[in-house]
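Below is one structure, written out as structure tokens; the observations come after it.
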Amino acid sequence: VVYEQEGVFIHSSCGKNDDQDNLIAGILRVIEKENEVVVDWRPLDETLDTSNILCAGKDSSSVVEWTQTPKEKCSRGTDRPSSYEAEWDMVTTVSFKKKPHSNGDATTHANRESKWSFLFSLTDLKSIKQNKEGMGWSYLVFCLKDDVKLPALHFHHGDSKSLIKCLEKHVALNESPHDERVLLVKTQKSLSQSFENLFDEPSYGLLQKWKKDPYVVTMGKFSRVTNYIVGTLRSSDQSNQRRPPSEMADFFNDTIPGLKINQQEEPGFEVITRIDLGKQPEVSRREPVSAEEWAKNMDSEGRILDVDYIKRLIFKGGLCHTLRKEAWKFLLGYFPWKSTKEERANLQKRKTDEYFRMKLQWKSVSEEQEKRNSRLRDYRSLIEKDVNRTDRTNKFYEGEDNPGLILLHDILMTYCMYDFDLGYVQGMSDLLSPVLYVMENEVDAFWCFVSYMDQMHQNFEEQMQGMKTQLIQLSHLLRLLDSGFCSYLESQDSGYLYFCFRWLLIRFKREFSFQDILRLWEVMWTELPCQNFHLLLCCAILESEKQQIMDKHYGFNEILKHINELSMKIDVEYILCKAEAISMQMMNCKELPQTVSEILGIENSSVTPDSDTGEDESGAELSCPASLYQSISTPVIAANGTRDGAQQAAETQSLTPA
């Protein structure tokens, strides 16, 4: 049950007097079932006798006082305290008289209940008519596709708008151009439902569902892929087993507006001209940075002596766990790299005061205030739900009344005060959990999380701009790396790489073990060896799985299932080596397409048309010398852990930002 409201009446014209309507009180529910969403109205109580049916004058929208039963007062006071609407506020007086009890009431009530109860699927809904504001209490009339009009539902407690909002999560409603009181159900092409079916939620639109619950959509629904998806995406006509690429593009652009990923114009056509990236070089990784190495690169006042050098060490090997609590504050931008120990202590003091001022803002909100702040209530509800299911197998968060869970909750609530426009979106707890685990401090974890969210903000915005951009960029990179594999994915209706959605949304948090994520994130935070290194990690994983996908002729359904089942089975060190090797391939390429150069932040010196990666655009491009990457990835370290001055100067010069 996703919506439930009492005090929803049907006014039947079966009163004893011509000037009276019978008011049949009922409960209205919206119910999510396995394959559909239904709207259900039925009388309030199976055992209700007719003495509880109220009679109202037909002009009752204009005068006298609304009186509540004790049950209604209780319901109003606890479940929906702020459900009044503008149209209900206009009703200043309404009087009711109980209908006299008679011996035949039981039979009459049973007949009335069977007559007025109704249930329908949203797939059958054609339109909703609502009354204008100021015209008494609100009412809605549902009209079905066979032009059957159901009895008007009168919302004596208000709250009809929350029903409309609930329905809009399941169907698209547009105001009729002919009557502003009528909301029409937008008829969608069957293809526009295809992406929704990926998540086993046929009646949900991806945009609305993602906005409400990206955590559930991307973290849960991919695991429930069933064979009927193939039938949804492909025609039942065996002679036409694949939808035209242009139609697939239409469907995906309808679902996520602005997402434009090139598909081949003809299924059998292949671009002949390709860029030879050469063989992927062998790459090795080193041991994690030790406390001794960290200390040797710090002066007496606590300044980092060579930021570029220490970043390269972290990129090549990560950090030993004892260093993470300090080093992550630098990597995430909470501590300036050139700050002294004293400056950092003063910064922490200021940030502590600032944090607790924000925390006090939500802590001091009374229950009465929160009843009038629906957004804060929604944020709190989502946070409480997410906190109870985030990394509960980790000892830091396991068990009931765990202090780690309390800190997780409080930091996320305080972030809502810091950025109330974004507030909390499900999935953000996944980003905070490892940070809090490492920091073991509420204030430090909060400010590190703020810095991380500055990077990830667009992933959680309503327009999904960050996700659109990354999927498009990933498509460019994968096409350059292996156009044959891209062509195969397109032939299986998988060229949009939507199976990478979860990877990008929360930076692989659900794909690797908790300890591996600590290593992966700290490597990515160095911002080496190029921009968008996380996209090359995606390429590395996909390239590793390419052989199995193609050799076994996986179709749409099998690809989705296979990628989903990689979770917790990926070797983080192997993937880091492979992604680094791919970056070296691309950086050493003298004919790198301009689009790819811009994605990776590389400056080149030659000209190459972008058509080789499936784009129409062209432009001048500059190639990246191999020596630049070598200086980033292979610093010369002597046995005693120090470097000579000439080597350090050469590395510093080669790392001038592009």
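How much net charge surrounds Phe120 when only the other residues with a Cβ under 14 Å from the Cβ of Phe120 are counted, with Lys and Arg +1 and Asp and Glu -1?
Numbers: positive: Arg29, Lys33, Arg42, Lys126, Lys145, Lys149; negative: Glu36, Asp40, Asp124, Asp146, Asp147.
Neighbour charge sum, excluding Phe120 itself: +1.
How high is the FRET efficiency between Lys385 and Val2 when r is their beta carbon distance and R₀ equals 22 Å, given to the nearest 0.05? Spell out each step's value before the answer.
Values: r = 14 Å, r/R0 = 0.64.
The formula returns an efficiency of 0.95 here.
Could you sort the peptides 474-481, 492-499 by per-residue average Cβ neighbour count (10 Å cutoff), highest mean leading? Please list the in-between numbers first.
Details: 474-481: 24.1, 492-499: 22.1.
Descending packing order for the listed peptides: 474-481, 492-499.
Averaging over every viewing direction, what projected area does the convex hull of the Cα atoms of the range 283-355 cover, in nm²? Display every interim value, and only then the final one.
On the way: hull surface 20.9 nm².
Projected over every direction and averaged, the Cα hull of the range 283-355 covers 5.2 nm².
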(message) Tell me the relative contact order for the range 323-455 as a rounded percent, counting alpha carbon contacts under 8 Å between residues six or more apart.
(response) 32
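Would you mind telling me the share, in percent, of accessible area of the range 323-455 contributed by carbon and sulfur at probe 1.4 angstrom? All intermediate terms of the calculation are to be shown ahead of the outcome.
Values: 2870 of 6140 Å².
About 47 percent, which is the carbon plus sulfur part of the accessible surface.
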(request) Starting from one equal scatterer on each C-alpha and no solvent at all, send me the Debye-based log10 I(q)/I(0) for the range 323-455 at q = 0.09, 0.15 Å⁻¹, two decimals. (result) -0.27, -0.73
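What does the highest-first list of 553-563, 385-395, 579-589 look like by mean Cβ count within 10 Å? Mind showing how you got there, number by number?
Numbers: 553-563: 18.1, 385-395: 16.1, 579-589: 22.6.
Order by mean packing, descending: 579-589, 553-563, 385-395.
Provide the packing ranking of 428-434, 567-573, i.e. peptides ordered by the mean count of other C-beta atoms within 10 Å per residue, highest first. Before the final figure, lay out each step's value.
Numbers: 428-434: 23.1, 567-573: 14.6.
So the order, starting with the most tightly packed, is 428-434, 567-573.
Mean projection of the alpha-carbon convex hull of the range 445-551 over all orientations, in nm²? Let's see the in-between values first.
On the way: hull surface 30.5 nm².
The directionally averaged projection comes out at 7.6 nm².
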(message) For the range 323-455, what does the accessible surface come to per residue with a 1.4 Å probe? Please give it in Å².
(response) 46
(request) With 23 Å as the limit, write out which pairs from Lys311/Lys351; Lys329/Lys349; Lys509/Lys578; Lys468/Lys590; Lys279/Lys552; Lys468/Lys578 have Cα-Cα distances beyond it, or answer none. (result) Lys311/Lys351; Lys468/Lys590; Lys279/Lys552; Lys468/Lys578
(message) Quick one: 3J(HN,Hα) in Hz for the range 309-324, Karplus 6.51/-1.76/1.60 with θ = phi - 60°, rounded, Gly and Pro as x.
(response) 5, 5, 5, 5, 4, 5, 4, 7, x, x, 10, 5, 4, 5, 8, 4
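Normalise the Cα radius of gyration of the range 340-404 by 2.2 N^0.38 Å (N = residues in it) and let me know the number. Don't skip to the answer; put the middle values down first.
Details: Rg = 16.5 Å, N = 65, 2.2 N^0.38 = 10.7 Å.
Cα Rg divided by the expected 2.2 N^0.38 Å: 1.54.
The values are calculated or read from the model by the stated rules, or taken from the named source; none is laboratory data. Worth saying up front: this structure is predicted, and the values here are computed from it rather than measured. Glycine gets a Cβ as well: all are built from the backbone with ideal geometry, and neighbour counts include every protein chain shown. Heads up: the accessible areas ignore ligands, DNA and RNA and are worked out on the full protein's heavy atoms, side chains in. Shrake-Rupley method; radii C 1.70, N 1.55, O 1.52, S 1.80 Å.
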